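None of the figures in this text is laboratory data; all of them are computed from the coordinates on show. Note that the structure is predicted; figures quoted are calculated from it, not measured. Quick reminder, even Gly has a Cβ in these numbers, built from the backbone with ideal geometry, and neighbours come from all protein chains shown.
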Amino acid sequence: MSAQARILVVDDTPANVKLLADLLAVKGYAVVTAGGGREGLERVACDKPDLVLLDVMMPDLNGYEVCRSIRADPATAALPVVLVTALTDTDDRIRGIDAGADDFLSKPFNRHELLARVRSLLRLKRYTDDLDTAESVIVSLALTIEARDSNTDGHCQRLAAYAVSLGRALGLDEDDVAALERGGYLHDVGKVGIPDAVLLKPGPLTHDEFLLMKQHTVIGDRLCGELRSLRKVRPIVRCHHERLDGTGYPDGLRGDAIPLLAQLMGIVDVFDALTTVRPYKAALPRARAVEELKAEAALGWRRADLVGTFLSLVERDLP
Ligand SMILES: [Fe+2]
C-alpha cells in the first residue's frame, strides 16, 4: 500500500503545503493538496485519500471543524487524520482529540517522525479497509440469500427501514440506529446454511426441518464472527426469534435477557413476514398483521410498549 497510498495535505500556507507534499512525494506517496478547510473536505469526497494531514489554524473552516465533518460522514469516519499544528497547549490537543484526530504533529516537524507516523496510520487504514471489505462480503451474502427466495424480495430493505424508524421513535442513539439498519440486512444471513428444500418449501416444515431452520440464527451469529464493526449487530442476528416468555430460539432467553435491538428486529420481522407473500402463505392485510402483533404481545412474547410504538408508526404509514 505504501507506494500507492494517497495523502491529502490541507494547509492555507502554500509554503507548508509544498514542504509536506515534496517530502511525501519523494517517498512514493500520491499527494493531493488543498489550500483551506472547505477545499479539503471537497478533496476528501472526490479523491478518497488514505490519510489527511490537516493544518489547525485556517481562515475558512479550521482543522477541528474539518476533522469533525470527516468523522460525521460514515463513508470517511475511519479515515486517519493528523492535525499539524504549532499549538502545543494541552487544551488544543484535547480539542483535537474531541474532534476525532488520530494523531498530532507539532510544527516545525521532524521529517523522520512525520514519515513514521504516516506509515503507522496507513497500516491502520489498511486494517480498517479490510474490515469494511469483510463486512461488505457478509452484506452481499445476505442479499444473495434474499435473491434465492423470490418471495422475500425487498424484505431486507424494508426491515432496515422499519427498524430505523422504530429505533428513532424510541429515541435510541445513532449507534443503535445504525446497528438496526445493518441488522435489517443481516438478520437472516445464516440462511445461507439452510438448504433450498427447507428454505423454499411451499408448506409447513416438519419437526426436523424446523430444527434445521432455527439454526440460521446460530450460523449467522458465527458468520459475523469477530468483525468489530458488527459487534452490535450480532445480538440482533442471534436473538431476533427469541420471545419474552422463553419459548423462542435459539437460546430460549427470557425478558430483558433478550437484547433490546433484537426484540425490535423481532417485531418488525413478524410484521413484514405477515404482510408479504411467503412460500407457505398469502400476504395478510396490514390490519390483520396489527392484530397478530397485539396478540403476540398479549401472549407475553413481545413487549407491549414496543409493539405499541411500532403500531403507531404503522398507523402513520411507515417508515
Ligand atoms: Fe430469521
Shape category assigned to the stretch 189-319 from the gyration tensor of Cα positions, a/c cut at 1.5: oblate
Label-point separation, Gln215 to Leu143 (7 Å along Cα→Cβ), nm: 2.8
Ranking of Cys239, Cys46 by count of other Cβ atoms within 10 Å, fewest first: Cys46, Cys239
For the stretch 108-120, Karplus couplings with θ = phi - 60° (6.51, -1.76, 1.60), whole Hz, Gly/Pro x: x, 8, 8, 5, 5, 5, 4, 5, 5, 5, 4, 4, 5
Degrees separating the helix 207-224 axis from the principal Cα axis of the chain, which is the longest one: 10
Residue-wise HN-Hα coupling along the stretch 93-106, computed from phi with Karplus coefficients 6.51, -1.76, 1.60 (Hz; x: Gly, Pro): 4, 4, 4, x, 5, 4, 6, x, 5, 8, 7, 10, 10, 8
Compactness of the stretch 49-139 - radius of gyration and Dmax, Cα, Å: 14.1, 45
For Val84, distant residues with modelled amide H under 5 Å away: Leu54, Asp55, Val56, Leu105
Cβ-derived FRET efficiency at R0 25 Å, Arg119 paired with Arg93, nearest 0.05: 0.70
Unit charges on C-beta of K, R, D, E only; dipole of the stretch 219-286, Debye: 180
Label-point separation in nm, Ala197 to Asp305, each point 7 Å along Cα→Cβ: 4.7
Under-5 Å amide H pairs with Asp60, H placed in peptide plane, nonlocal only: Gly37
In nm, spacing of pseudo-spin labels at Lys107 and Glu65 (7 Å Cα→C-beta vector): 1.8
Relative contact order (%) - the stretch 249-319, alpha-carbon pairs under 8 angstrom, separation at least six: 24
Karplus-derived 3J(HN,Hα), 6.51/-1.76/1.60, for each residue of the stretch 225-230, Hz, glycine and proline x: x, 9, 4, 4, 5, 9
Cut-off 17 Å, label 7 Å out along Cα→Cβ of Ala134, residues of the stretch 210-242 by amide N: 220-235
Pairwise FRET efficiency - Ala283 versus Lys27, Cβ, R0 = 45 Å, nearest 0.05: 0.15
